[in-house]
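I have placed the structure first, in the form of structure tokens, so that the comments after it can refer back to it.
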Amino acid sequence: SHTYTSAGTNSVQLIVSNPDGIYTNTQTGAVVVTPLTVPAAGFSVSPASGTAPLDVTFTDTSTGTITNRFWDFGDGFTTNTTAATVVHTYGAAGTSTVQLIVSGPAGASTNTQVAAVTVTDLAVPVAGFSVSPASGTAPLAVTFTDTSTGTITNRFWDFGDGFTTNTTATTVAHTYTVTGTS
């Protein structure tokens, strides 16, 4: 066992002997030692924005010889890891400055990205819709258009004549076959 302390290409020679003589074997370029490089910290963020709770993937894009990564996610949470990719969940709205410190045998480096992640709360929906036409003779085909605001994942329409529909569509059509007000 031998420890090489500097970078370079090394030839290794083995000399053996016995009562019949001395024998030599040389292997040119048998051991190549690469230099340690000082880390240069860098990372990518995906996605950089969204609604809470938001899972964000951080990928270390640093260069150099790296043995450890310390992440500060900017929301009071940190992690110390050797993994090049980490996922962090942001549970509340806000803008976070994220910092990565990479370290290795040749030193350490820090990368700070101001406002790297922006998290918003889901907007409370406020229901609203328009009707066209609003009156006419039966059978009357009516188009309903959702004008609601906020974060909406589903729409339940009750047409007032005993018919309903459940949909994600923003526009629906319904035909009224009986005279009356709905």
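Can you give me the Cα centroid spacing of region 85-124 and region 27-52 in angstrom? Region 85-124 and region 27-52 have Cα centres separated by 18 Å. The stretch between Thr167 and Thr63, if pulled fully straight at 0.36 nm per residue, gains 32.4 nm over its current Cα-Cα span.
Put simply, when 55-62, 174-181 are sorted by average Cβ atoms within 10 angstrom per residue, most first, you get 55-62, 174-181. Ligands, DNA and RNA are left out, and with a 1.4 angstrom probe the accessible area of the chain is 63 Å² per residue. Sorted largest first by accessible area at a 1.4 angstrom probe radius, with every protein chain in place, the residues Tyr90, Tyr4 fall in the order Tyr4, Tyr90. You can think of it this way: the chain between Ala52 and Gln27 has 2.9 nm of extra reach, that is 0.36 nm per residue less the Cα-Cα gap. Our compactness index for region 14-91, the C-alpha radius of gyration over the empirical 2.2 N^0.38 Å, is 2.11.
Expressed as a whole percent, the accessible area of region 1-87 that falls on carbon and sulfur atoms is 52 (1.4 Å probe).
Figure note: Asp161, Asp121 ranked by solvent-accessible area, largest first, 1.4 Å probe, ligands and nucleic acids not counted: Asp121, Asp161. Compared with the direct C-alpha span, the chain from Thr89 to Thr110 gains 5.4 nm at full extension, assuming 0.36 nm per residue.
Expressed as a whole percent, the accessible area of region 105-172 that falls on carbon and sulfur atoms is 56 (1.4 Å probe).
The values are calculated or read from the model by the stated rules, or taken from the named source; none is laboratory data. Values in this document were obtained by computation on a predicted structure and should not be read as measured data. Here Cβ is always computed from backbone atoms with ideal geometry, including for glycine, and neighbour counts include all displayed protein chains. The protein model used for the area step is the full one, side chains on, heavy atoms only, and it has no ligands, DNA or RNA in it. Shrake-Rupley method; radii C 1.70, N 1.55, O 1.52, S 1.80 Å.
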